[in-house]
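The values are calculated or read from the model by the stated rules, or taken from the named source; none is laboratory data. Treat the numbers as computed from the prediction; the structure is a model and nothing was measured. Cβ atoms come from the backbone with ideal geometry, glycine included; neighbour counts cover every protein chain shown.
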Amino acid sequence: MLKLENVSAGYNGMDVIHDISLDLSEGQSLCILGPNSCGKTTLLRAIAKLIPSKGTLDLDGQSIHDMRRKDIAKRVAVMSQISRVNFPYSVYDTIMMGRYQHIKKSMFKKPGEKDYAIVEQCMEEVELTSIKDQMIDCLSGGQLQRVFLAHTLVQEPRLILLDEPTNHLDMKHQVGLVKYLKEWSQKDGHQVIGVFHDINLAMQLSDNLLFMKEGLVKGIGHSDDLITSEFLKNIYDIDIVEYMVESYKRWEKFN
C-alpha cells in the first residue's frame with residue numbers, strides 16, 4: 001500500500017531526511033521513534049505531500065508526486081500536534097468538518113444521514129459525546145487532542161498519520177487512544193503510521209518500528225529485533241534499557 005525508496009525531504013532547499021526507504025503492506029502499521037529533531041515529523045509531511053520530496057513515494061501503486069492534494073486527502077488523514085486553536089467552533093461542528101471531502105459530493109452540500117451517524121459514532125468512541133456542544137477554544141489540551149482525533153477518524157481514511165498523538169493526554173486516555181488505534185488499524189486494511197517518543201506506547205500500537213537519528217533510518221523491523229540496550233543507547237545516547245528496568249523494579253512492589 002505504501003512504498004518509499006530513497007526519499008529525501010526538507011525545508012528551504014535543505015534536506016532534513018535522507019534516503020528513507022520502507023515498504024508497508026496493506027494492514028501493516030508502523031511507529032517512528034528517535035530523538036528530537038531527527039526528522040520524524042518531516043517524514044510524515046513528505047508522505048502526506050505537505051512538503052516537496054525526492055525519490056519514489058507510492059501509495060496504492062500510484063506515485064504521490066503525481067496525485068492531487070484532494071485525492072491524497074481521501075485516502076490519508078493527518079493528525080498533527082495541537083497546541084492551540086484560534087476559532088470558536090463547537091466540538092460537534094469541528095468534527096463534522098472532517099466530513100468535508102464526503103459532504104461536498106452531495107448535490108446540496110449538506111451533511112446526510114451517514115455523515116451524522118459517523119460523527120456520532122466517532123464522538124462516542126473517543127468519549128466526547130457529553131461535551132459535543134462546548135466551544136473548542138475552552139477545552140483542555142487532552143480534550144482538544146481527542147476532538148482532532150475524531151475529526152481525523154470521520155474522514156474514513158485508509159491511512160492515518162499521527163504526530164505525537166498522546167501529547168496532552170492523561171494516562172487513561174493515552175492507553176485508550178493507543179488501544180483504539182490498534183483495533184482500528186487491524187480492520188479493513190487500515191494503516192497507522194505514528195510518531196512517538198514513548199517506546200512502550202509505540203510497541204503497544206505496532207510491532208513494526210522505525211528508528212531515526214539525524215535524518216537517517218538507523219533501524220527498521222520488528223520490536224524484538226530492535227529493542228536492545230546497545231541499539232537504544234546508540235540512538236538516544238543514554239542507557240534507556242537500564243532506566244526502564246529501574247522503573248519496572250519500582251512498580252514491582254505494587255504487585
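Of these, 188, 224, 163, 170, which one is under 27 Å from residue 19 (Cα atoms), free of Cβ contacts under 8 Å to residues at least 60 places away in the same chain and among the acidic types (Asp, Glu)? Before the answer, list the steps.
Working: 188 fails: under 27 Å from residue 19 (Cα atoms); 163 fails: free of Cβ contacts under 8 Å to residues at least 60 places away in the same chain; 170 fails: under 27 Å from residue 19 (Cα atoms).
One residue alone meets the criteria, 224.
Every test in (1) of a type in the set (Asp, Glu); (2) closer than 30 Å to residue 226 by Cα; (3) modelled with pLDDT under 95 is passed by residue 15 save one, and that test is (3).
Does residue 110 satisfy being farther than 30 Å from residue 43 by Cα and at pLDDT below 85? Considered against the rule, which asks whether it is farther than 30 Å from residue 43 by Cα and at pLDDT below 85, residue 110 comes out as yes.
Within the range 106-143, track down each residue that is surrounded by 17 or more Cβ atoms within 10 Å (Cβ to Cβ), assigned to a helix (DSSP H, G or I) and in contact with a Phe, Trp or Tyr (Cβ under 8 Å, 6 or more places away or on another chain). Scanning the range 106-143 gives 119, 123, 125, 136. Of all the residues in the range 151-192, those that are assigned to a loop (DSSP other than H, G, I, E, B), within 17 Å of residue 122 (Cα to Cα) and under 11 Å from the mean Cα position of the chain (by Cα) number 1.
Please work out if residue 96 is closer than 26 Å to residue 146 by Cβ and at pLDDT below 90. It is false that residue 96 is closer than 26 Å to residue 146 by Cβ and at pLDDT below 90.
Looking at the range 94-101, is at least one residue in a helix (DSSP H, G or I), under 20 Å from residue 165 (Cα atoms) and of a type in the set (S, T, N, Q)? There is at least one residue in the range 94-101 that is in a helix (DSSP H, G or I), under 20 Å from residue 165 (Cα atoms) and of a type in the set (S, T, N, Q).
Considering each residue of the range 112-138, count those that are of a type in the set (Val, Ile, Thr) and farther than 13 Å from residue 148 by Cα, and give that number. Steps first, please.
Restricting attention to the range 112-138, the residues satisfying the condition of being of a type in the set (Val, Ile, Thr) are 118-119, 126, 129, 131, 136.
Of the ones still in play, those that are also farther than 13 Å from residue 148 by Cα are 118, 129, 131.
Residues that pass the stated criteria total 3.
Just name the residue that is surrounded by the fewest Cβ atoms within 10 Å (Cβ to Cβ) out of those in the range 199-210 that are outside any helix (DSSP H, G or I) and modelled with pLDDT of 90 or more. Selected residue: 208. Could you give me the residue pairs with C-beta distances under 6 Å whose first residue belongs to the range 119-145 and is hydroxyl-bearing (Ser, Thr, Tyr), whose second residue is surrounded by 14 or more Cβ atoms within 10 Å (Cβ to Cβ) and modelled with pLDDT of 90 or more wherever it lies, and which are 6+ apart or on separate chains? Pairs that qualify, where the first residue is hydroxyl-bearing (Ser, Thr, Tyr) and the partner is surrounded by 14 or more Cβ atoms within 10 Å (Cβ to Cβ) and modelled with pLDDT of 90 or more, are 129/123.
Can you list the strands (runs of 3 or more DSSP E) lying wholly within the range 9-90 that have 2 or more residues being surrounded by fewer than 20 Cβ atoms within 10 Å (Cβ to Cβ), without any contact (Cβ under 8 Å) to a residue 60 or more places away in the chain and at negative phi? Of the strands (runs of 3 or more DSSP E) lying wholly inside the range 9-90, those with at least 2 residues that are surrounded by fewer than 20 Cβ atoms within 10 Å (Cβ to Cβ), without any contact (Cβ under 8 Å) to a residue 60 or more places away in the chain and at negative phi span 14-24, 53-59.
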